[in-house]
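J.: Sharing a structure here in structure tokens format.
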Amino acid sequence: MQILKIIALLIEYPDETLWESREEALSLIEHDAPMLLPFARRHLSAPLLDKQAEWCEVFERGRATSLLLFEHVHAESRDRGQAMVDLMGQYEKAGLQLDCRELPDYLPLYLEYLSIVTDPEARDGLQNVAPILALIGGRLKQRGVAHYQLFDALLVLAGSRLSSDSVTQQVSGEKRDDTRQALDAVWEEEQVKFIEDNATACDSSPMQQYQRRFSQDVAPQYVDVSAGGPK
């Protein structure tokens, strides 16, 4: 599914290369995911610097909209190493080479991987993370961020019954973690814990921070189908 690569680029931090090749991207979207065409046209016609600033506000303030998939499964748990190793193994088997700066569970990277496997494998991969996609999409929609449409499109491509609306009740009861007060509280907590954590810093590399795979753990944690979600 080549369209997954384009969606990955639209979710990713806005890049000059995408803006330069916008017509090619729009053509592919029109053919493979026409429901995203209005969003893509508005997004790619805006000034790049404005979109870069917007992206930082949306995806780098707080954890609720983090693009690190396992952040929504295990948070700060130390039981995450094996899942990261497994995911790395999948990438290597498919011939995908990672930059040393990239964490394997970064959503745009995961979508790039799915774009080079077979269509059935891609759909399975999307279904494995469907509850996470619905959760992030639901939070974005609640905050009035148009990017939720990208997550709904991924769920459609997955053949999932979930959507950003599936978690409306859940996210409506959540406290925002991207406010100044919330960010200050996290900063103060991290300062208190810093000295204690520093002693074990060498034991908490990205490869050691993740454990189980999404298909085994995500669904029951994020979408309560008995509370209004799809059956």
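J.: Residues to consider are R41, R61; find the one that is at pLDDT below 90 and more than 27 Å from G125 (Cβ to Cβ). Spell out how you get there, then give the answer.
T.: Working: R41 fails: at pLDDT below 90.
Going through R41, R61 in turn, the sole match is R61.
J.: Here is a further query. Check every one of the helices (runs of 4 or more DSSP H) wholly within the range 1-65 and list those with 3 or more residues that are touching a residue at least 60 places away in the same chain (Cβ under 8 Å) and within 19 Å of Y110 (Cβ to Cβ). Write out each step before concluding.
T.: Numbers: elements: 3-11, 16-20, 22-32, 37-45, 48-59.
Answer list for the range 1-65: 3-11.
J.: Filter the helices (runs of 4 or more DSSP H) completely within the range 115-231 down to those with at least 1 residues that are at pLDDT 90 or above.
T.: By residue number, 119-128, 130-142, 148-158.
J.: Right, here's the next one. Kindly evaluate L114 against the criterion of being touching a residue at least 60 places away in the same chain (Cβ under 8 Å), in contact with an Asp or Glu (Cβ under 6 Å, 6 or more places away or on another chain) and either under 28 Å from Q170 (Cβ atoms) or surrounded by fewer than 20 Cβ atoms within 10 Å (Cβ to Cβ) (or both). Even if it seems obvious, please write down each step before you answer.
T.: Details: touching a residue at least 60 places away in the same chain (Cβ under 8 Å): yes; in contact with an Asp or Glu (Cβ under 6 Å, 6 or more places away or on another chain): no; either under 28 Å from Q170 (Cβ atoms) or surrounded by fewer than 20 Cβ atoms within 10 Å (Cβ to Cβ) (or both): yes.
Taking the combined requirement at face value, the residue does not satisfy it.
J.: Taking the range 95-108 as the region of interest, how many residues are part of a helix (DSSP H, G or I) and surrounded by 21 or more Cβ atoms within 10 Å (Cβ to Cβ)?
T.: Total satisfying the criteria: 1.
The values are calculated or read from the model by the stated rules, or taken from the named source; none is laboratory data. Predicted model, so just to flag it, every value in this text is computed and none were measured. Counting neighbours? That spans all protein chains shown, and the Cβs are built from the backbone with ideal geometry, glycine included.
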